[in-house]
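The values are calculated or read from the model by the stated rules, or taken from the named source; none is laboratory data. Since this is a predicted model, take the numbers as computed values, not measurements. When we count neighbours, we look across all protein chains shown, and the Cβ atoms used for this are built from the backbone with ideal geometry, even at glycine. All accessible areas refer to the heavy atoms of the entire protein, side chains included, with ligands and DNA or RNA removed. Shrake-Rupley method; radii C 1.70, N 1.55, O 1.52, S 1.80 Å.
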Amino acid sequence: MCDVDKIISRMVDAVGAKDQTEMLEICGFSSGAAGNWKSRKKVPKKSIMVVAAHGNVRPEWIEKGDAPKSSAVVMEKQADYSLSIDWELMNEIIIMLEELQDELKMRINPEKISGIIQMIYMDEIEGTEVPKAKVIQLIKLAA
């Protein structure tokens, strides 16, 4: 199985689809999208982000398969090692997302917003600042 096939397989799994066709439909892709990805031997980053938002999983897991599937897994590991959650950071992220949703006049369902919160939180605690433009893109993709 080539890398693109593996990525598409994880995309199907991420959204809980029974097959590739259902995944494409769930995520709003054209019916020929997967064929295009296979012929180009590449799945666009934007497509991976769309599926990650729909499936509430980390894009890195879809792309590489070796990262944690969801941020919740990483947070569970933190609890196992008695590491504390930075509640101040978590609160800042939640407030920022609320403000951006108001600014964009969009509301996202709680499952998807929690996935976005987890992705931003994990990036931030790993020392990667998440640009506002990326957060806006995630909100738009999840809406």
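Summary of computed values
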| quantity | calculated |
| --- | --- |
| The chain, accessible surface, carbon-and-sulfur percent (1.4 angstrom probe) | 50 percent |
| Structure-based [θ]222 nm, the chain - -39500 (n - 2.57) summed over DSSP H runs of at least 4, per residue, nearest 500 | -21500 deg cm²/dmol |
| Probe 1.4 Å, accessible area per residue of the chain, Å² | 58 Å² |
| The chain: most fluctuating residue of 107, 40, 58 per GNM, C-alpha cutoff 10 Å | 40 |
| About the Cα centre, charge dipole magnitude for the chain (Lys/Arg +1, Asp/Glu -1 at Cβ), debye | 880 debye |
| Simple label model, 7 Å out from Cα along Cβ direction - residue 5 to residue 31, nm | 2.3 nm |
| Of 45/140; 112/140; 38/112; 69/112; 18/140, pairs whose Cα-Cα distance is over 20 Å | 38/112; 18/140 |
| Quarter of the Cα convex hull surface for the range 103-143, i.e. its orientation-mean projected area (nm²) | 2.7 nm² |
| Span-rule helices in the chain, defined as complete DSSP H runs reaching 20 Å or more along the axis (Cα) with Kyte mean at least -1.0 | 87-104, 110-125 |
| Positive-end residue of 55, 109, 30, charge dipole of the chain with Cβ unit charges | 30 |
| GNM flexibility winner over the chain from 123, 13, 102 (Cα, springs under 10 Å) | 102 |
| Fully extended contour minus Cα-Cα distance, from residue 117 to residue 90, at 0.36 nm per residue | 9.0 nm |
